[in-house]
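S.K.: Here it is, the structure in full.
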Amino acid sequence: MVKTISLPDFKKIVDDTTLSDIEKYDKLYDNISDILLKNHKNALPYIDVYFDYVNIQKIDKYMGLAYMKYGIFHFYDANYDKALQYYILADKYMSREVEWSYKIAPKVNIAMVYRRTGQERKALTIYKEALEDIDENNIKVEHCQVHISCVDPYITIKEYDAAENAVSDIKADMALLEAQIAKTELRAPFSGRLGLRNVSLGAYISPNTIITSLQNLSQLKMDVTVPEKYASSIRIGDNMNCKVAGVDKPFNARVIAIEPNIDETTRNLKIRALIQNPTTSLIPGAYVKVDIQLKEIPNAIMIPSNAVIPDDRTTRIVVTDSSKAKFIPVEIGVRTDKEVQVLSGLHAGDTVLVSGLLQVKPGMPVKITKTSTRVIAH
């Protein structure tokens, strides 16, 4: 405990050249604290001397401590308005201080003024701010309890704990209210375009009520079935050219998944592709026409499909040899919707008849009215 000194001796500390400024601050401060606890009515002249000294140096922490002592003096004198004014000034200076333990003290004292004047809600609000600072900055709670004891000797640790518990209860109530408010809002799990609303304002809804639809149109998935004979030619990562009715520009789709089995009923293989749709011009559910490039066959000979004459034993076509019709057997490869590939039996430069085939017989003279040359590489 610091021994109380007289005011003249107190003033001599200021003029003591053997002490550093920091030692003077601490010694003056400790003496004032002792006087306030023993007989606060005698403390005002001491506080004035202390304030005049620290006011010369303009150090925020010690200016704040001086205002704190003025606040404590008026608090003990039951002049709570004056005490609050000085505590607010102390908080202003202390808020600039780097040591968090000093920043907390004015808040605690302000809360005690509100508590003494019956403003419990304000007191709890300030307590909450102080406790948040304690939690965030790992300040020892005992240090804050010492500040409370200095301000109000009648406050016990039990009362402090009760106030802290009250703040915790308020925090819990606030969190519960925030959670309940959050449940009144509907938040989409992803961004997209909303469909038509299925409910009206004021209607009661349940978790099973469908309010509207939500579509992410930036990319779309497409399921396509292809004949089983093309199953070995399709790989994940292959590209497909897609066309949609009403949309002039074709789209590119990339195969992202392939069904591991073939449908026993249709003998088709299902594949899934992804279409990037940044302009959102495609609409989910639209019918898509797909062109799949299975493989490249350089210098493939393609002829119109109506030029092929199938029979029981072989597939034949009609060519002209010296202006006479000649039936030759051919082996057919890949088919498209309008053309077929000839694997053997036909050579580049041969002339193939595509019309009047029912009237033509082997060796019959043929008059060519129109020709076209088509050698297509696929």
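Computed from the coordinates by the stated procedures, all read-outs in this text should not be read as laboratory data. Everything numeric in this text was worked out from a predicted model, so none of it was measured. Neighbour counts run over all protein chains shown; Cβ positions are idealised from the backbone, glycine included.
S.K.: On full extension of the chain, what length is gained from Glu228 through Asp26, given 0.36 nm per residue of separation minus the C-alpha to C-alpha distance?
M.R.: 63.5 nm
S.K.: May I pose another question? Count charges around Leu357 for me, please; just the other residues with Cβ under 14 Å from its Cβ, Lys/Arg as +1, Asp/Glu as -1.
M.R.: Within the 14 Å Cβ shell, the charges total +2.
S.K.: Net charge around Asp337, counting only other residues with Cβ within less than 14 Å of its Cβ (Lys, Arg = +1; Asp, Glu = -1)?
M.R.: +2
S.K.: Pop a pseudo-label 7 angstrom from the Cα along the beta-carbon direction at both Lys221 and Arg313 and give the gap in nm to one decimal.
M.R.: Between Lys221 and Arg313, the label points sit 5.3 nm apart.
S.K.: What is the dipole size for the range 250-352, taken about its Cα centre, with +1 at each Lys and Arg Cβ and -1 at each Asp and Glu Cβ, in debye to the nearest 20?
M.R.: 160 debye
S.K.: Further question on the same structure: Mean residue ellipticity at 222 nm from the helices of the chain, using -39,500 (n - 2.57) per DSSP H segment of n ≥ 4 over the full residue count, to the nearest 500 deg cm²/dmol?
M.R.: -13000 deg cm²/dmol
S.K.: If r is the Cβ-Cβ distance from Thr369 to Asn239 and R0 is 35 Å, what FRET efficiency results, to the nearest 0.05?
M.R.: Rounded to the nearest 0.05, the efficiency is 0.30.
S.K.: What list do you get for Leu269, Leu65, Leu37 if you sort them by fewest beta carbons within 10 Å?
M.R.: Leu37, Leu269, Leu65
S.K.: Okay, moving on. By how many nm would the segment from Glu185 to Val334 lengthen if fully extended, with 0.36 nm per residue of separation less the alpha-carbon distance?
M.R.: Stretched out fully, the Glu185 to Val334 stretch lengthens by 47.8 nm.
S.K.: Please list, by residue number, every one of the GluC sites (Glu not before Pro) in the range 275-378 that is coil in DSSP and has at most 15 other beta-carbon atoms within 10 Å.
M.R.: Glu296
S.K.: Are there any GluC sites (Glu not before Pro) in the range 156-217 that are in a DSSP loop and have at most 15 other Cβ atoms within 10 Å? List them by number.
M.R.: Answer by residue number: Glu185.
S.K.: Quote the charge dipole size of the chain about the Cα centre in Debye, to the nearest 20; the model charges only the Cβ of Lys and Arg (+1) and of Asp and Glu (-1).
M.R.: Using only the charged Cβ atoms, the result is roughly 2520 debye.
S.K.: A further question on this structure: Can you match semi-axes √(5λ) of the Cα gyration tensor in Å to one of these, (1) 60, 32, 18; (2) 31, 25, 20; (3) 101, 25, 16, based on a calculation from the structure here?
M.R.: (3)
S.K.: Another question, then. Order these by the 10 Å Cβ neighbour count, fewest first: His347, His40, His74.
M.R.: His347, His40, His74
S.K.: Tell me which trypsin sites (Lys or Arg not before Pro) from the range 273-378 have a DSSP coil assignment and no more than 11 other beta carbons within 10 Å of their own.
M.R.: When the trypsin sites (Lys or Arg not before Pro) of the range 273-378 are filtered for loop state and at most 11 Cβ neighbours within 10 Å, Lys295, Arg313, Lys338, Lys367, Lys370, Arg374 remain.
S.K.: What is the spin-label model distance, in nm, from Gln359 to Gln293 if the labels are put 7 Å beyond Cα along the C-beta direction?
M.R.: 4.2 nm
S.K.: If Lys and Arg each add +1 and Asp and Glu each add -1, what is the summed charge of the other residues whose beta carbon sits under 14 Å from the beta carbon of Glu264?
M.R.: Local net charge: -1.
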